[in-house]
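Step one of this worksheet: look at the structure below.
The values are calculated or read from the model by the stated rules, or taken from the named source; none is laboratory data. Keep in mind that what you see is a predicted model, and the values were worked out from it rather than measured. Here the Cβ positions follow ideal geometry from the backbone for every residue, glycine too, while neighbour counts run over all protein chains shown.
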Amino acid sequence: MTNVSNEPAFTIVDVSGNTLHFDQFAYERSIEKARGDYHDANWIRCRITLQASTLKQSVHAALLTTEIKELAETLRVALLVPGTETTFTSMEPYIDLNVIRRDRYVDVTARLDLAPALGPVVEFRFECRPEDIEATLGTIGHVQELFPER
C-alpha cells in the first residue's frame, strides 16, 4: 500500500458515545502500478471499527474514492432534509448505511460485514445529533482532500 497515514479519519458518533470509525486510509496501488485503470487507481484501503458498549468489531475494507464522496452525500442529504431516508452501500460489501433524519436526531443504521459475502454481519443503530453529523462531514472532507479521485 502507498500513502499510509494514521492521521486522516472520520467518525460517526451517537448521543451515547457509540462510534463508527473510519481510519488507516491508503491508496491500494500507486498511480504507476494502477496503469491507467480507473478502479485500480481509486481503491482506498481503510479500517472500519464499530464500537458500542462492550461490542467492538473492526474490518479492513476497500472503498472507491467516489464512494467516500457518496457516503458524505448520504449524510448531507439526510442532515438537511428532515424526514428524508437515504442509503449508502459500498461496491465491496463491507459497509451499508441507512440514514433517516428525524426531528431532533439523525438515525444511522450501520451494517458491517466482517467477512464480505461470508459473514458474520454486525448491525447497530446510532442516534446522532445533527451537529455531530456536520462535524463528521468536515472530517470526511479532509479525507477526500488527501485521497482525491485519480
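Any residue that is surrounded by fewer than 16 Cβ atoms within 10 Å (Cβ to Cβ), in contact (Cβ under 8 Å) with a residue 60 or more places away in the chain and not aromatic (Phe, Trp, Tyr) - is there at least one of those in the range 28-41? Yes, the range 28-41 contains at least one residue that is surrounded by fewer than 16 Cβ atoms within 10 Å (Cβ to Cβ), in contact (Cβ under 8 Å) with a residue 60 or more places away in the chain and not aromatic (Phe, Trp, Tyr). Of the residues making up the range 100-115, those that are under 12 Å from GLY83 (Cβ atoms) and modelled with pLDDT of 95 or more number 4. For first residues located in the range 114-126 and under 22 Å from SER16 (Cβ atoms), partners that are among the small types (Gly, Ala, Ser) and lie 6+ apart or on another chain with Cβ distances below 6 Å form the pairs PHE124/ALA52; PHE124/ALA110.
Taking LEU79 as the residue in question, decide whether it is in contact (Cβ under 8 Å) with a residue 40 or more places away in the chain, of a type outside the set (Gly, Ala, Ser), under 15 Å from VAL108 (Cα atoms) and in contact with a Lys or Arg (Cβ under 7 Å, 6 or more places away or on another chain). Spelling it out, LEU79 is indeed in contact (Cβ under 8 Å) with a residue 40 or more places away in the chain, of a type outside the set (Gly, Ala, Ser), under 15 Å from VAL108 (Cα atoms) and in contact with a Lys or Arg (Cβ under 7 Å, 6 or more places away or on another chain).
The set of residues in the range 96-106 that are part of a loop (DSSP other than H, G, I, E, B) and in contact with an Asp or Glu (Cβ under 7 Å, 6 or more places away or on another chain) contains only TYR105.
In the range 1-93, counting only helices (runs of 4 or more DSSP H) that sit wholly within it, the ones holding 1 or more residues that are modelled with pLDDT of 95 or more span 38-42, 65-80. Would you confirm whether or not the range 50-64 contains a residue that is over 14 Å from HIS21 (Cα atoms), in contact (Cβ under 8 Å) with a residue 24 or more places away in the chain and exposed (fewer than 13 other Cβ atoms within 10 Å of the Cβ)? Scanning the range 50-64, I find at least one residue that is over 14 Å from HIS21 (Cα atoms), in contact (Cβ under 8 Å) with a residue 24 or more places away in the chain and exposed (fewer than 13 other Cβ atoms within 10 Å of the Cβ), so the answer is yes.
Condition check ((1) in contact with a Gly (Cβ under 8 Å, 6 or more places away or on another chain); (2) over 16 Å from ASP14 (Cβ atoms)) across all residues:
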{"position": "ALA72", "(1), (2)": "yes, yes"}
{"position": "GLU85", "(1), (2)": "no, yes"}
{"position": "GLU92", "(1), (2)": "no, yes"}
{"position": "VAL99", "(1), (2)": "no, no"}
{"position": "CYS128", "(1), (2)": "no, no"}
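Residues that are more than 22 Å from THR66 (Cβ to Cβ) and hydrophobic (A, V, I, L, M, F, W, C) within the range 105-150 comprise VAL106, LEU114, ALA115, LEU118, VAL121, VAL122, PHE124, PHE126, CYS128, ALA135, listed in sequence order.
The set of residues in the range 107-149 that are surrounded by fewer than 13 Cβ atoms within 10 Å (Cβ to Cβ) and either hydroxyl-bearing (Ser, Thr, Tyr) or part of a loop (DSSP other than H, G, I, E, B) (or both) comprises ALA115, ALA117, LEU118, GLY119, PRO120, PRO148, GLU149.
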